[in-house]
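Visitor: Structure below; questions to follow.
All of the numbers you see were taken from the coordinates with simple rules; none came from a lab. Remember, it's a predicted structure, so these values are computed and weren't measured experimentally. Using ideal geometry, Cβ is built from the backbone for each residue, glycine included, and neighbour counts are taken over all protein chains shown.
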Amino acid sequence: RKPANYRGLFTKELKNLMYGFGDDRNPASDTVNVMEEMLVEFIADVCLTAGGPGKKTRLSIEDLRKALSRPADAKKLARMEELLFMQEDIKRARA
């Protein structure tokens, strides 16, 4: 299967995040491209880890929890849980 091209998909968001963390308002495009490449690689790695070998069904939240259950990913797992809780809280508030 041919790898998809995700260049430019996260550029706007990454520029804003980089500015929020102290970078220049308009960071160098090379820097943004490297950050985007790293981000896409990270997302792909997490998805491959969560999917496991030979899994052909869609990923579930439980799959992502298992993939992020390593001690090194504790902060990422906590942030995911926080976002899931906030999503449910927003749903309840709208109802």
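Visitor: Once you have the Cα-Cα distance between Tyr19 and Glu82, take 0.36 nm times their residue separation minus that, and quote the gain in nm to one decimal.
Guide: Additional length available on full extension: 20.3 nm.
Visitor: Can you tell me the dipole magnitude for segment 1-58 around its Cα centre, using point charges on the Cβ only (Lys, Arg +1; Asp, Glu -1), in Debye to the nearest 20?
Guide: It comes to approximately 540 debye.
Visitor: Once Lys and Arg get +1 and Asp and Glu get -1 on their Cβ, which of Leu39, Tyr19, Gly51 lies farthest toward the positive end of the dipole of segment 1-58?
Guide: Gly51
Visitor: Which pairs in the list Lys12/Lys76; Lys15/Lys76; Lys55/Lys91; Lys15/Lys66 are over 26 Å apart, alpha-carbon to alpha-carbon?
Guide: Violating the 26 Å limit, Cα to Cα: Lys55/Lys91; Lys15/Lys66.
Visitor: Multiplying the sequence separation of Lys66 and Leu48 by 0.36 nm and subtracting their Cα-Cα distance, what value in nm do you get?
Guide: Net length gain for the segment: 5.3 nm.
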